[in-house]
Amino acid sequence: MSGPNSEYDPVQVTPLDEEHVAAMRDEALAAIAAATDLETLKQVRTEHAGDRSPLALANREIGALPPQARKDAGQRVGQARAAVNQALAARQAELEVEAEARMLVEETVDVTLPWDRTTKGARHPITMMHEKIADVFVAMGWEVAEGPIVEAEWLNFDALNLGPDHPARTMQDTFWTEPAEHHLVLRTQTSPVQARAMLTRTPPIYVVSPGRVFRTDEYDATHSPMFHQVEGLCIDRGITMAHLKGTLDHFAESMFGEGISTRFRPSYFPFTEPSAEVDLRCFVCRGLHPAVDDCRTCKGEGWIEWGGCGVVNPRVLTACGVDNERYTGFAFGMGIDRTLMFRHGVADLRDMFEGDVRFSTPFGADL
Ligand code: DAH
């Protein structure tokens, strides 16, 4: 018994008469003429001149014909294939010229266009303010110190004479971290950097520390749960309130211009004794009549509240390992965001924190 015929090829024999060969050729020529780009022409080449194209298949049939028919068919198919190849080559050349011309137009570079008009972004005005403040103090020989944002409760409060039951603790609405037994807070003030400075250095100590602080405040035009302060600490022999006043006057002049001084109002902070609120001479009206009456910056006061300060409480010196018989010192702290607000007439605190470059750009590269 014979098995299935595995030699049998069901491919239909391609007709090789003149009419059919001409049809295959004309179809190929039409497709070539219709190709409008090199990619399409490549497909047309595969379809009409490739190994599986009708004309290539026709060519394969020729061998099976009787000799005279083979000659005629060979000639016909050969001529048709030559015509197709020629048309392909000609169309290829045309399309290459076209593609090159198009590329020259599309990729034209106008060398006269300005090259330097890209927006570069901007440094944040608060960052620039930090640096400006640091520069003022570094120029006087002070050091810039940083502390962590997640701070030990002891350094944020206890070391600064704010014991667990001290009423002033509730003045600062604190973000506590979990677990509670780790006694860590988001620092409510930059003052713990004072304690860190005293614990890690030996006097004389002159440090300034700008940085971020956190309180559970609402987020509105004048409050934010995150804001910035700058802290200053000086510990040396024979330091008095007069040194504090001179330093703050110099700080104020450097930031706000010549003749802008400060004044002290009695106040209370647990870490300083005596303590004072420090006000800044209004740098717009300078407290002068009649300008002061309509001054929008100081609201007719002639002075602007700037921060707190005082002579470092001896209890703080002791807690931080400084001999309070030999050394005295002063400290101060102010809000950087507030400083920026009244220095530049920023009406809404939130504008500073929302990251819109349109706010930052007008400040330029230098404050
Ligand atoms: N830490 C205070 C606050 O956040 C500001 C302050 C007041 C800092 C007096 C000081 C100072 O160093 O002496 O309200």
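For this structure, a couple of remarks:
- Top-ranked residue in region 286-330 [being more than 11 Å from the ligand (Cβ to nearest atom), closer than 21 Å to Lys245 by Cα and among the β-branched types (Val, Ile, Thr); ranked as modelled with the lowest pLDDT]: Ile304
- Qualifying residue in region 161-173 (condition: surrounded by 14 or more Cβ atoms within 10 Å (Cβ to Cβ), touching a helix residue (DSSP H, G or I) at 6+ places or on another chain (Cβ under 7 Å) and without any contact (Cβ under 8 Å) to a residue 40 or more places away in the chain): no
- Filtering region 185-227 to residues that are surrounded by fewer than 19 Cβ atoms within 10 Å (Cβ to Cβ), in contact with a Phe, Trp or Tyr (Cβ under 9 Å, 6 or more places away or on another chain) and aliphatic (A, V, I, L, M) leaves only Met226.
- Single residue of region 271-280 satisfying the filter (surrounded by 22 or more Cβ atoms within 10 Å (Cβ to Cβ) and part of a strand (DSSP E or B)) that is nearest to the ligand (Cβ to nearest atom): Thr272
- On the stretch given as region 335-358, residues that are closer than 12 Å to Gly121 by Cβ and in contact (Cβ under 8 Å) with a residue 12 or more places away in the chain total 1.
- Looking only at residues in region 20-68 that are surrounded by 13 or more Cβ atoms within 10 Å (Cβ to Cβ) and hydroxyl-bearing (Ser, Thr, Tyr), the one that is nearest to Ala99 (Cα to Cα) is Thr40.
- Of Ala122, Ala180, all but one fail to be modelled with pLDDT under 95, out of contact with any Ser or Thr (no Cβ under 8 Å at 6 or more places or on another chain) and over 24 Å from Leu248 (Cα atoms); the exception is Ala180.
- Odd one out for Val230 among (1) among the aliphatic types (A, V, I, L, M); (2) out of contact with any Pro (no Cβ under 9 Å at 6 or more places or on another chain); (3) crowded, with 18+ Cβ neighbours inside 10 Å: (2)
- Residue in region 331-351 that is closer than 30 Å to Arg237 by Cα and either more than 38 Å from the chain's Cα centre (by Cα) or more than 16 Å from the ligand (Cβ to nearest atom) (or both) present: no
- Meets criteria (part of a helix (DSSP H, G or I) and assigned by TED's automatic domain parsing to the domain that holds Asp348) for Leu288: no
- Qualifying residue in region 310-318 (condition: closer than 23 Å to Val230 by Cα, free of Cβ contacts under 8 Å to residues at least 60 places away in the same chain and touching a helix residue (DSSP H, G or I) at 6+ places or on another chain (Cβ under 7 Å)): no
- Matching residues in region 238-293 - criterion: being over 39 Å from the mean Cα position of the chain (by Cα), over 21 Å from Val316 (Cα atoms) and β-branched (Val, Ile, Thr): Val292
The values are calculated or read from the model by the stated rules, or taken from the named source; none is laboratory data. Remember, predicted model here, so these are calculated numbers, not experimental data. Here Cβ is always computed from backbone atoms with ideal geometry, including for glycine, and neighbour counts include all displayed protein chains.
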